[in-house]
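The values are calculated or read from the model by the stated rules, or taken from the named source; none is laboratory data. Predicted, not measured: the structure shown is a model, and the values here were computed from it. Because the Cβ atoms are built from the backbone with ideal geometry, glycine has one as well, and the counts that use them run over all protein chains shown.
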(Lines give C-alpha, C1' and ligand atoms only; values in the text may rest on other atoms or scores of the structure.)
Protein backbone atom coordinates (compact mmCIF):
# COMPACT_ATOMS: atom_id res chain seq x y z
CA UNK A 1 0.00 0.00 0.00
CA UNK A 2 1.30 3.48 -0.92
CA UNK A 3 1.75 6.40 1.44
CA UNK A 4 -1.21 8.25 -0.13
CA UNK A 5 -3.47 5.23 0.34
CA UNK A 6 -2.44 4.96 3.99
CA UNK A 7 -3.22 8.65 4.58
CA UNK A 8 -6.65 8.29 2.97
CA UNK A 9 -7.48 5.29 5.06
CA UNK A 10 -6.41 7.10 8.23
CA UNK A 11 -8.66 10.06 7.30
CA UNK A 12 -11.66 7.78 6.82
CA UNK A 13 -10.97 6.09 10.15
CA UNK A 14 -10.78 9.47 11.90
CA UNK A 15 -14.07 10.51 10.35
CA UNK A 16 -15.76 7.39 11.63
CA UNK A 17 -14.16 7.80 15.06
CA UNK A 18 -15.35 11.41 15.19
CA UNK A 19 -18.91 10.47 14.41
CA UNK A 20 -18.89 7.61 16.86
CA UNK A 21 -17.25 9.74 19.55
CA UNK A 22 -20.04 12.29 19.27
CA UNK A 23 -22.58 9.56 19.80
CA UNK A 24 -20.55 8.09 22.67
CA UNK A 25 -20.22 11.49 24.31
CA UNK A 26 -23.90 11.97 24.17
CA UNK A 27 -24.46 8.55 25.67
CA UNK A 28 -21.82 9.15 28.38
CA UNK A 29 -23.41 12.51 29.23
CA UNK A 30 -26.74 10.86 29.64
CA UNK A 31 -25.27 8.04 31.67
CA UNK A 32 -23.25 10.41 33.80
CA UNK A 33 -26.41 12.29 34.62
CA UNK A 34 -27.98 9.03 35.64
CA UNK A 35 -24.90 7.50 37.56
CA UNK A 36 -22.58 10.22 38.97
CA UNK A 37 -20.57 7.81 41.25
CA UNK A 38 -19.00 5.71 38.45
CA UNK A 39 -16.36 8.30 37.38
CA UNK A 40 -15.07 8.76 40.92
CA UNK A 41 -14.72 4.97 41.33
CA UNK A 42 -12.69 4.75 38.11
CA UNK A 43 -10.34 7.49 39.32
CA UNK A 44 -9.81 5.77 42.62
CA UNK A 45 -8.96 2.50 40.84
CA UNK A 46 -6.46 4.26 38.61
CA UNK A 47 -4.84 5.91 41.61
CA UNK A 48 -4.45 2.55 43.33
CA UNK A 49 -2.81 1.06 40.24
CA UNK A 50 -0.41 3.98 40.05
CA UNK A 51 0.41 3.62 43.75
CA UNK A 52 1.06 -0.12 43.32
CA UNK A 53 3.37 0.53 40.36
CA UNK A 54 5.25 3.14 42.32
CA UNK A 55 5.66 0.76 45.27
CA UNK A 56 6.97 -1.98 42.97
CA UNK A 57 9.47 0.40 41.40
CA UNK A 58 10.61 1.57 44.84
CA UNK A 59 10.99 -2.04 46.05
CA UNK A 60 12.97 -2.97 42.94
CA UNK A 61 15.22 0.10 43.36
CA UNK A 62 15.85 -0.77 47.01
CA UNK A 63 16.68 -4.38 46.09
CA UNK A 64 19.15 -3.16 43.46
CA UNK A 65 20.68 -0.79 46.00
CA UNK A 66 21.16 -3.65 48.48
CA UNK A 67 22.78 -5.82 45.80
CA UNK A 68 25.07 -2.97 44.78
CA UNK A 69 26.15 -2.35 48.38
CA UNK A 70 26.82 -6.08 48.84
CA UNK A 71 28.86 -6.21 45.64
CA UNK A 72 30.90 -3.17 46.73
CA UNK A 73 31.48 -4.75 50.14
CA UNK A 74 32.63 -8.02 48.54
CA UNK A 75 34.95 -6.14 46.18
CA UNK A 76 36.44 -4.21 49.09
CA UNK A 77 36.99 -7.40 51.10
CA UNK A 78 38.59 -9.11 48.09
CA UNK A 79 40.92 -6.15 47.57
CA UNK A 80 41.94 -6.18 51.23
CA UNK A 81 42.62 -9.93 51.03
CA UNK A 82 44.72 -9.39 47.92
CA UNK A 83 46.74 -6.61 49.55
CA UNK A 84 47.22 -8.72 52.68
CA UNK A 85 48.38 -11.72 50.64
CA UNK A 86 50.75 -9.53 48.62
CA UNK A 87 52.23 -8.04 51.79
CA UNK A 88 52.65 -11.49 53.32
CA UNK A 89 54.35 -12.81 50.16
CA UNK A 90 56.66 -9.80 50.15
CA UNK A 91 57.54 -10.40 53.81
CA UNK A 92 58.29 -14.07 53.08
CA UNK A 93 60.52 -13.09 50.15
CA UNK A 94 62.42 -10.57 52.28
CA UNK A 95 62.76 -13.08 55.12
CA UNK A 96 64.08 -15.74 52.74
CA UNK A 97 66.59 -13.30 51.25
CA UNK A 98 67.71 -12.34 54.75
CA UNK A 99 68.09 -16.01 55.74
CA UNK A 100 70.17 -16.72 52.62
CA UNK A 101 72.38 -13.72 53.32
CA UNK A 102 72.85 -14.82 56.94
CA UNK A 103 73.64 -18.35 55.77
CA UNK A 104 76.41 -16.97 53.55
CA UNK A 105 77.74 -14.77 56.33
CA UNK A 106 77.39 -17.08 59.31
CA UNK A 107 77.21 -20.56 57.73
CA UNK A 108 80.69 -21.36 59.09
CA UNK A 109 79.89 -20.15 62.60
CA UNK A 110 79.62 -23.65 64.06
CA UNK A 111 82.76 -24.84 62.29
CA UNK A 112 84.73 -21.79 63.43
CA UNK A 113 83.53 -22.40 66.98
CA UNK A 114 84.96 -25.91 66.78
CA UNK A 115 88.26 -24.60 65.40
CA UNK A 116 88.85 -21.96 68.06
CA UNK A 117 90.14 -24.52 70.65
CA UNK A 118 92.71 -25.59 68.06
CA UNK A 119 93.92 -22.01 67.78
CA UNK A 120 94.02 -21.71 71.58
CA UNK A 121 96.08 -24.89 71.84
CA UNK A 122 98.53 -23.69 69.19
CA UNK A 123 98.95 -20.36 70.97
CA UNK A 124 99.74 -22.17 74.24
CA UNK A 125 102.24 -24.35 72.39
CA UNK A 126 104.10 -21.38 70.98
CA UNK A 127 104.22 -19.78 74.43
CA UNK A 128 105.64 -23.01 75.88
CA UNK A 129 108.45 -23.07 73.29
CA UNK A 130 110.08 -20.07 74.94
CA UNK A 131 110.57 -21.83 78.28
CA UNK A 132 110.15 -25.55 77.60
CA UNK A 133 113.22 -27.76 77.46
CA UNK A 134 111.46 -31.13 77.31
CA UNK A 135 110.89 -32.22 73.72
CA UNK A 136 108.47 -34.92 74.82
CA UNK A 137 106.23 -32.30 76.44
CA UNK A 138 106.20 -30.28 73.22
CA UNK A 139 105.38 -33.40 71.21
CA UNK A 140 102.57 -34.24 73.63
CA UNK A 141 101.11 -30.74 73.24
CA UNK A 142 101.25 -30.98 69.44
CA UNK A 143 99.50 -34.35 69.54
CA UNK A 144 96.78 -32.88 71.72
CA UNK A 145 96.34 -29.99 69.30
CA UNK A 146 96.02 -32.37 66.35
CA UNK A 147 93.43 -34.46 68.18
CA UNK A 148 91.34 -31.35 68.93
CA UNK A 149 91.55 -30.40 65.27
CA UNK A 150 90.58 -33.92 64.10
CA UNK A 151 87.60 -33.90 66.46
CA UNK A 152 86.46 -30.55 65.08
CA UNK A 153 86.66 -31.88 61.52
CA UNK A 154 84.73 -35.03 62.45
CA UNK A 155 81.94 -33.02 64.10
CA UNK A 156 81.59 -31.05 60.86
CA UNK A 157 81.28 -34.22 58.77
CA UNK A 158 84.87 -34.22 57.50
CA UNK A 159 86.62 -37.60 57.45
CA UNK A 160 90.17 -38.44 56.34
CA UNK A 161 91.03 -40.83 53.52
CA UNK A 162 93.88 -43.17 54.47
CA UNK A 163 94.14 -45.84 51.76
CA UNK A 164 97.42 -47.41 52.89
CA UNK A 165 97.42 -51.11 51.99
CA UNK A 166 94.19 -50.79 49.98
CA UNK A 167 93.58 -51.17 46.27
CA UNK A 168 94.06 -47.93 44.34
CA UNK A 169 90.73 -46.19 43.68
CA UNK A 170 90.95 -43.35 41.10
CA UNK A 171 87.76 -41.78 42.48
CA UNK A 172 89.39 -41.07 45.86
CA UNK A 173 93.13 -41.48 45.22
CA UNK A 174 95.64 -39.61 43.10
CA UNK A 175 98.70 -41.62 42.07
CA UNK A 176 101.88 -39.57 42.31
CA UNK A 177 104.25 -42.36 41.31
CA UNK A 178 104.62 -46.15 41.15
CA UNK A 179 107.20 -48.33 42.88
CA UNK A 180 107.98 -51.99 42.29
CA UNK A 181 107.06 -54.13 45.27
CA UNK A 182 107.22 -57.84 45.99
CA UNK A 183 105.31 -57.56 49.24
CA UNK A 184 101.93 -56.47 47.87
CA UNK A 185 100.03 -57.01 44.66
CA UNK A 186 100.26 -54.49 41.87
CA UNK A 187 97.82 -51.60 42.17
CA UNK A 188 98.01 -51.52 45.96
CA UNK A 189 98.68 -48.24 47.76
CA UNK A 190 102.10 -48.40 49.39
CA UNK A 191 102.26 -45.03 51.10
CA UNK A 192 100.21 -41.88 51.49
CA UNK A 193 102.04 -38.66 50.68
CA UNK A 194 99.08 -36.43 51.55
CA UNK A 195 95.84 -37.38 53.23
CA UNK A 196 92.58 -36.98 51.38
CA UNK A 197 89.27 -35.84 52.89
CA UNK A 198 85.55 -36.24 52.28
CA UNK A 199 82.72 -34.01 53.52
CA UNK A 200 79.58 -36.03 54.22
CA UNK A 201 80.85 -38.70 51.79
CA UNK A 202 81.59 -36.13 49.06
CA UNK A 203 85.20 -35.87 47.98
CA UNK A 204 86.93 -32.65 48.98
CA UNK A 205 90.51 -33.64 48.21
CA UNK A 206 91.89 -36.95 46.90
CA UNK A 207 94.66 -38.69 48.77
CA UNK A 208 98.06 -38.41 47.08
CA UNK A 209 99.56 -41.90 47.11
CA UNK A 210 102.38 -44.09 45.87
CA UNK A 211 101.08 -47.21 44.13
CA UNK A 212 102.78 -50.59 44.02
CA UNK A 213 103.92 -51.85 40.64
CA UNK A 214 103.85 -55.56 39.90
CA UNK A 215 107.34 -57.09 39.67
CA UNK A 216 108.08 -59.46 36.80
CA UNK A 217 109.49 -62.86 37.73
CA UNK A 218 112.60 -62.13 35.68
CA UNK A 219 113.24 -58.93 37.63
CA UNK A 220 112.72 -60.54 41.03
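Residue pairs whose Cβ atoms lie under 9 Å apart, sitting 6 or more positions apart in sequence or on different chains, and linking a residue in the stretch 168-183 that is under 9 Å from residue 209 (Cβ atoms) to a partner that is part of a loop (DSSP other than H, G, I, E, B), are 168/187; 173/163; 173/166; 173/206; 174/206; 175/168.
Can you tell me how many residues in the stretch 101-121 are within 12 Å of residue 152 (Cα to Cα) and under 23 Å from the mean Cα position of the chain (by Cα)? Count: 0. Restricting 117, 160 to residues that are in contact (Cβ under 8 Å) with a residue 24 or more places away in the chain and part of a helix (DSSP H, G or I) narrows the list to 117.
The single condition from (1) within 30 Å of residue 213 (Cα to Cα); (2) surrounded by 15 or more Cβ atoms within 10 Å (Cβ to Cβ); (3) under 37 Å from the mean Cα position of the chain (by Cα) that residue 163 fails is (3). Of the listed requirements (1) part of a loop (DSSP other than H, G, I, E, B); (2) loosely packed, with under 12 Cβ neighbours inside 10 Å, residue 179 misses just one: (1). Between 31, 57, the distinction of being at pLDDT below 50 and assigned to a helix (DSSP H, G or I) belongs to 31 only. Number of residues in the stretch 172-181 that are at pLDDT below 95 and closer than 30 Å to residue 112 by Cα: the value is 0. Out of 198, 184, one residue alone is outside any helix (DSSP H, G or I), under 21 Å from residue 112 (Cα atoms) and out of contact with any helix residue (DSSP H, G or I) (no Cβ under 9 Å at 6 or more places or on another chain). It is 198.
What do you reckon, is residue 216 under 28 Å from residue 116 (Cβ atoms) and either modelled with pLDDT under 95 or surrounded by 16 or more Cβ atoms within 10 Å (Cβ to Cβ) (or both)? Spelling it out, it is not the case that residue 216 is under 28 Å from residue 116 (Cβ atoms) and either modelled with pLDDT under 95 or surrounded by 16 or more Cβ atoms within 10 Å (Cβ to Cβ) (or both).
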